[in-house]
Structure formats: structure tokens, C-alpha cells
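> Handing you a structure now.
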Amino acid sequence: MSKIFWKGGALLAPVPPVLVTVGDGERENVFTVAWTGLINTIPPKTYISVRPSRYSYEILKKNGEFALNLTPSSLIAACDWCGVHTGRKVDKFKKWSLTKIPANNITPPLIDECPLALECRVFDCIELGTHHMFLADVLGVTVSEELLDKSGRLCIERANLAAFAHGEYFELGKSLGKFGFSVKKKKKKKSNQSVKSKHK
Ligand SMILES: Cc1cc2nc3c(=O)[nH]c(=O)nc-3n(C[C@H](O)[C@H](O)[C@H](O)COP(=O)(O)O)c2cc1C
């Protein structure tokens, strides 16, 4: 493959466009964040990188808590809009009929229309340049019951989550395999004989 070389840039894709809710007891707001990810499994830790100019930044700095509300493709217009308008001027929850529900561990509300929400408490803030990175513990996860099968297994494909890649939104497509499938031994096909005997 022939390649060309560019200078360093923020080109990691896809990333999740999440609706981040913040609140300090007096003010509540929602804004869109794509610079987020997981950084530890046990205990679960995450981060969001936020520009200090954001209204949400002020609230976050004061309260130190936020929720990552994962965005289904049905909410992508709201997600985009919340990422180009400031809560200083408009109530974004009202504008998009996003229903606030109380979180279990934090002050900011969760968004009922989002199928999954991670409740987070900040433990550090690193000033990196354009963005300040808020590192946080994931204290709890709220899951819509429709995402669970009869045995309680989370079927993430039911959430129809959106992805963000190089300035564009996409919907997650077909499953390519489960974690570890490439090393999993294939089950031997049952011969006709044994299938028949099973139905005797
Ligand atoms: C897809 C998308 C991703 C974004 N990601 C970030 C981000 O990671 N960090 C950030 O500070 N702003 C990000 N923004 C911009 C903020 O969401 C935007 O400035 C918003 O209006 C801030 O709202 P607020 O002033 O109510 O806090 C993103 C916007 C969009 C549309």
C-alpha cells in the first residue's frame, strides 16, 4: 500500500459522540463530547476532554461529576445540536424534549431517552492545551431494560449506538464477531447420524 504522511492530528476514528450531562444543584446542562474513552477496567475509569470556554466546563469544575449518556442513532440530531449550541443561552433538554431522570450516585441528571448512562466522578484534571482532560471513576451504569435478553445479558446491538468518525456520524453496522472469536475453537459439526439419534 502506498502511503502519504501528515503532521500529527486528532484523527482517531470511530469515537463515541456522547451526550454529557452536568449539574451542580443549581444549573443543569447537556453538551456533546467525542473526546472520551475508557482508561481502566477495574476499577472502571473514563475521561472527557473539555475546552474551558464551554458553559459545561464551569459546572463540571464546580461539581466534579458528569454522566456519559450514550447516543442512539435516533438522537443524533439532538446530539449534534447540543454540540453547536451553548446552555448559556438555551435549555437544551427542553429544546429536544430530553427527559431528565435522577442518577443514583451523582447530582447531574441522566437522559431517559439514552439506553445507557455512565455516572462519573472526577478524580483529576489535566490541562493539556486546547482541552482539559477530566479523569473520572465510573460509579454506576444505568441500562434500559429493553437491552437485556431473558437471561439478563446485555444485547448492545439493540441500543443502535452512533459513532463519530472524521467529522461525520455513522450508525454501528453488523457484528463481525465476539471478543476472542479469532482464537475460539470451532465446534465440530454433528454428523447426520448423531442428529438423528438425538431425536429418537
Ligand atoms: C460531535 C461533537 C463532538 C464534540 N466533542 C467535544 C469534546 O470532546 N470536547 C469539547 O469540549 N467540546 C466538544 N464539542 C463541542 C461542544 O459540545 C459545544 O461547544 C457545545 O456547544 C458546548 O456546550 P455548552 O456551552 O452548553 O457547554 C463537540 C461537538 C460535537 C458536535
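Residues are listed down the side, and each one gets a yes or a no for (1) farther than 25 Å from L161 by Cα; (2) buried (at least 20 other Cβ atoms within 10 Å of the Cβ):
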{"residue": "K7", "(1), (2)": "yes, no"}
{"residue": "F31", "(1), (2)": "no, yes"}
{"residue": "A34", "(1), (2)": "no, yes"}
{"residue": "T41", "(1), (2)": "no, no"}
{"residue": "K45", "(1), (2)": "no, no"}
{"residue": "V50", "(1), (2)": "no, yes"}
{"residue": "S53", "(1), (2)": "yes, no"}
{"residue": "N69", "(1), (2)": "no, yes"}
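> Run L11 past the list (1) within 15 Å of F164 (Cα to Cα); (2) crowded, with 20+ Cβ neighbours inside 10 Å and report the number of the one that doesn't hold.
(2)
> Related question: Name the residue, out of K62, K100, K89, that is of a type outside the set (A, V, I, L, M, F, W, C) and closer than 23 Å to A162 by Cα.
K100
> For the stretch 95-152, how many residues meet the condition of being more than 18 Å from the chain's Cα centre (by Cα) and surrounded by 15 or more Cβ atoms within 10 Å (Cβ to Cβ)?
The number of residues fulfilling the criteria is 5.
> Output the number of residues of the stretch 157-183 satisfying the condition of being in a helix (DSSP H, G or I) and either at pLDDT below 95 or within 15 Å of S74 (Cα to Cα) (or both).
The qualifying residues number 3.
> Which count do you get for residues in the stretch 1-53 that are of a type in the set (D, E, K, R) and within 15 Å of L139 (Cα to Cα)?
1
> Considering only residues that are free of Cβ contacts under 8 Å to residues at least 12 places away in the same chain and farther than 20 Å from T71 by Cα, which ones fall in the stretch 25-60?
Hits for the stretch 25-60 are E26, N40, T41, I42, S53, E58.
Residue-by-condition table, conditions (1) modelled with pLDDT under 95; (2) part of a strand (DSSP E or B); (3) of a type in the set (V, I, T):
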site: N105; (1), (2), (3): no, no, no
site: E113; (1), (2), (3): no, no, no
site: L118; (1), (2), (3): no, yes, no
site: F134; (1), (2), (3): no, yes, no
site: L139; (1), (2), (3): no, yes, no
site: S151; (1), (2), (3): no, no, no
site: K188; (1), (2), (3): yes, no, no
site: S194; (1), (2), (3): yes, no, no
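> Quick check on this structure: which one of I39, I48 is touching a Ser or Thr at 6+ places or on another chain (Cβ under 6 Å), closer than 18 Å to D124 by Cα and of a type in the set (V, I, T)?
When all the criteria are applied, what remains is I48.
> Quick test of your reading of the structure: T130 fulfils all but one of (1) within 15 Å of the ligand (Cβ to nearest atom); (2) without any contact (Cβ under 8 Å) to a residue 40 or more places away in the chain; (3) assigned to a loop (DSSP other than H, G, I, E, B); (4) not hydrophobic (A, V, I, L, M, F, W, C). Name the failing condition by number.
It is condition (2) that T130 fails.
The values are calculated or read from the model by the stated rules, or taken from the named source; none is laboratory data. Predicted model only: the values in this text are computed from it and were never measured. Note that we place each Cβ from the backbone using ideal geometry, even for glycine, and neighbour counts take in every protein chain shown.
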